[in-house]
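Before any comments, here is the structure.
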Amino acid sequence: MTAVHQTTLPKWLCLGARVVDTSTDREGIVHGIGQPYSYEEMPSCVWLLPPGGGFEWSTEIPSVQPIDAEK
């Protein structure tokens, strides 16, 4: 995995945020930040769930964009 580490997380990136994973063009809801069972000074990934239910997936933070509330 070649993560691009950021120095801080975007303010909009929080649990419950609706986002688009640009690497897969899928919409998801953030339900985890960072890898479980490891210590990361700055998390490199987020865990997403489909809005209507389904299987979770993870993606690197730079691949995630917020969904405008106006849509």
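All of the numbers you see were taken from the coordinates with simple rules; none came from a lab. Here the structure is a predicted model, which means the values were calculated and not measured.
If the chain linking Ser23 and Leu49 were pulled fully straight, counting 0.36 nm for each residue of separation and taking away their Cα-Cα distance, it would gain 7.9 nm.
When you restrict to C-alpha pairs under 8 Å that are six or more residues apart and normalise by the size of region 13-71, the relative contact order lands at 33 percent.
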